[in-house]
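Peer 1: One structure follows; several queries about it will come next.
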C-alpha cells in the first residue's frame with residue numbers, strides 16, 4: 001500500500017525537529033515537504049486564508065493544513081475531503097500568492113480515515129484555529145491536522161507564540177475544548193516576529 005503524504009509529513013516533522021532545515025521537494029503532494037521547524041519568515045497568506053482557498057478549490061472540508069517555508073516559495077499543504085465524501089485532494093497553496101495546485105489522492109484507507117474523523121468534527125479547521133488562537137493569545141497558527149488521540153478526534157494545532165517558540169494545542173473536534181501542551185524547545189521564526197494568524 002502506498003503511504004499518503006500526510007503520514008510522511010508527520011513523520012518528517014517529528015524527525016526533523018532540531019536537525020536544521022530540511023530541503024523542500026518540488027515533486028507532487030505525496031512526497032514529504034520540509035518540517036514546520038524550518039520557518040524563517042512570516043507569510044502573507046495566513047492560515048485562515050489558506051484554509052478558505054483550499055476548501056473552495058477542492059469543494060470540501062479541510063482535514064489537514066500545514067505551512068512549509070524552508071525556501072521560497074513557502075507553501076501551505078492541505079488535504080480536503082470532497083463534499084461527495086468520495087474524493088480526497090492534496091493541495092499546495094502558495095503562501096505568498098495564494099495560487100493553488102493539487103491532485104486527487106488515491107489511497108482508500110486515507111479516504112476512510114478522513115471520512116470517519118470528519119464525521120466526528122463539529123468545529124472544522126476554522127473552529128480549531130479560533131480555539132487555538134484563544135488558548136495562546138498572539139500566536140501565529142502554522143498547522144492544524146485532524147487526528148485521533150486516545151479514541152477522541154482532535155485537531156492537533158501547531159502555533160508560534162509571542163516568544164517565538166513552537167506550541168502544540170489539542171482542540172477537541174466535537175466541543176472546541178483546548179489543551180495547550182508544553183512549549184517546544186526549538187525556536188521559530190529567527191529574526192522575525194509572529195505574524196497575524
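Rule-based calculations on the coordinates, nothing more; no lab input. All values derive from a computational prediction rather than experimental measurement. Cβ: placed from backbone, ideal geometry, glycine included. Neighbour counts: every protein chain shown.
Peer 1: At what distance in angstrom do the alpha carbon centres of the stretch 47-100 and the stretch 120-172 lie from each other?
Peer 2: 17 Å
Peer 1: Okay, moving on. Debye calculation, C-alpha points only, no solvent: report log10 I(q)/I(0) for the stretch 97-182 at q = 0.13, 0.19, 0.23, 0.25 Å⁻¹, in the same order as the q values.
Peer 2: Once normalised to I(0) and log-transformed, intensities are -0.46, -0.86, -1.05, -1.13.
Peer 1: Right, here's the next one. Can you figure out the FRET efficiency of residue 83 with residue 177, using R₀ = 25 Å and their beta-carbon distance, to the nearest 0.05?
Peer 2: FRET efficiency, residue 83 to residue 177: 0.35.
Peer 1: On full extension of the chain, what length is gained from residue 96 through residue 119, given 0.36 nm per residue of separation minus the C-alpha to C-alpha distance?
Peer 2: Full extension from residue 96 to residue 119 adds 5.1 nm.
Peer 1: Something else: Would you compute the Debye intensity of the stretch 67-146 from its alpha-carbon atoms alone, equal scatterers and no solvent, and pass along log10 I(q)/I(0) at q = 0.14, 0.22, 0.25 Å⁻¹ to two decimals?
Peer 2: Ignoring solvent entirely, the Cα scatterers give -0.57, -1.14, -1.21.
Peer 1: Separate question: Kindly identify the stretch 29-180 as rounded, prolate or oblate by the Cα gyration tensor criterion: order the square roots of the eigenvalues as a ≥ b ≥ c, call it rounded if a/c is under 1.5, otherwise compare a/b with b/c, prolate if a/b is larger, else oblate.
Peer 2: Oblate, because a/c is 1.5 or more while a/b does not exceed b/c.
Peer 1: Order these peptides, 101-113, 160-172, by their mean beta-carbon neighbour count within 10 angstrom, highest first.
Peer 2: 160-172, 101-113
Peer 1: Using the basic label-point model (7 angstrom from Cα toward the beta carbon), what is the residue 163 to residue 148 distance in nanometres?
Peer 2: Once both label points are built, they end up 3.5 nm from each other.
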